[in-house]
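Report on the structure given below.
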Amino acid sequence: MFERKGYELKPNPKTGRYRLISGNWKMNLNHLEAIQLVQKLYFALRDVDYAYTEISVHPPATDLRPIQLLIESDKMRFSLGAQNCYYETNGAYTGEVSAGMLAKLNVKYVIVGHSERRRIFGESDEMVAKKIQAVFSEAMTPILCVGETHDEREKGLTDEVLSRQVRIALQDLTGELASKTVIAYEPIWAIGTGNVATAEDASSGAQLIRQEITEMFGSSVASGVRVQYGGSVTPVTAPELLDAEGVDGFLVGGASLDAETFARIIRA
Ligand code: PGA
């Protein structure tokens, strides 16, 4: 989608990986408000802002169709993303949306295993693994969210938690698919709290994630995986975090709901 208008996204020359900055709107904005936000974001950005960064927007499910039509008709350089999907293809699962339904809307990225889904809706690591399979089976890309709680961090369990979440989520994938997975390191204590992690925290999270993937699939797969940081990213904290070693972009919640603020993060 973002290749139109003769534009070509370039990888980060330092890592060879493509940066991805994603706006997770959570349960905010009806489809009319969503259209306004995407239009404002489009007008806030210049061509150069897309040169090294792919931008995805993740509206609520009811907004996906109108946003898809807007992006495609105006040839906007945004990738469409969803916040969740169910792993079965169809059937008696009241209220759920399948990966196939998302793919039909030209959704490119699907957030899987966000901590809010794990905590509020009881998603287990095993369910997350099935969702990742479902997303790949429809030729979309999962953004797998992992991260430790404040308590786990205090108890020194961060390594263990990240390893477990990554291992179970990716265990049934081939190396090729694993390398295509985007992983968002989102320390739960930093989500929506204003307690942003330091660049060192973000780096060490990214490193732990790649270590686990190296053990599972080898270092070439691990070096292909893109790792985002998420948790209270703002225009002020974005430059340092984006510079942190091993960090390839952001998953932004609250700050992605304001076009100008999100545009400033992208420009970091
Ligand atoms: P936040 O949310 O930026 O509002 O902290 C991030 C997320 O939950 O993905």
Taking segment 248-259 and the residues there that are buried (at least 22 other Cβ atoms within 10 Å of the Cβ) and either farther than 21 Å from residue 11 by Cβ or among the hydrophobic types (A, V, I, L, M, F, W, C) (or both), the one that is farthest from the chain's Cα centre (by Cα) would be 256
Please go through segment 227-243 and pick out each residue that is open to solvent by less than 30 Å² (accessible area, probe 1.4 Å) and among the β-branched types (Val, Ile, Thr).
-> 227, 233
Mind checking which residues of segment 222-247 are under 15 Å from the mean Cα position of the chain (by Cα) and within 15 Å of the ligand (Cβ to nearest atom)?
-> 227, 228, 229, 230, 231, 232, 233, 242, 247
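Let's see how each residue does on (1) away from the ligand (no atom under 16 Å from the Cβ); (2) closer than 30 Å to residue 48 by Cβ; (3) without any contact (Cβ under 8 Å) to a residue 40 or more places away in the chain:
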| position | (1), (2), (3) |
| --- | --- |
| 72 | yes, yes, no |
| 92 | yes, no, yes |
| 111 | no, yes, no |
| 121 | no, no, yes |
Boolean, residue 183 is within 18 Å of the chain's Cα centre (by Cα), buried (at least 23 other Cβ atoms within 10 Å of the Cβ) and away from the ligand (no atom under 13 Å from the Cβ) | no
Just wondering, is there one or more residues in segment 139-154 that are under 18 Å from the mean Cα position of the chain (by Cα) and in a helix (DSSP H, G or I)?
-> no
Taking residue 192, is it open to solvent by less than 40 Å² (accessible area, probe 1.4 Å) and among the small types (Gly, Ala, Ser)?
-> no
In segment 51-71, the residues that are open to solvent by less than 60 Å² (accessible area, probe 1.4 Å), farther than 26 Å from residue 132 by Cβ and modelled with pLDDT of 95 or more = 66, 70
So which residues in segment 72-85 are open to solvent by 40 Å² or more (accessible area, probe 1.4 Å) and over 16 Å from the mean Cα position of the chain (by Cα)?
-> 72, 73, 74, 75
In the list 219, 204, which residue meets the criterion of being within 19 Å of the chain's Cα centre (by Cα) and farther than 30 Å from residue 35 by Cβ?
-> 204
Can you name every residue in segment 123-151 that is of a type in the set (Val, Ile, Thr), over 12 Å from residue 82 (Cα atoms) and away from the ligand (no atom under 16 Å from the Cβ)?
-> 132
Considering each of 250, 262 in turn, give the residue that is among the aromatic types (Phe, Trp, Tyr) and within 18 Å of residue 141 (Cβ to Cβ).
-> 250
Provide a single number: the residues in segment 91-125 that are at positive phi and open to solvent by 40 Å² or more (accessible area, probe 1.4 Å).
-> 4
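The values are calculated or read from the model by the stated rules, or taken from the named source; none is laboratory data. Every value quoted in this text rests on a predicted model; they were computed, and no experiment measured them. Every residue, glycine as well, gets a Cβ built from its backbone with ideal geometry; the counts of neighbours run over all protein chains shown. Protein only, heavy atoms only, side chains kept; ligands, DNA and RNA dropped before computing areas. Shrake-Rupley method; radii C 1.70, N 1.55, O 1.52, S 1.80 Å.
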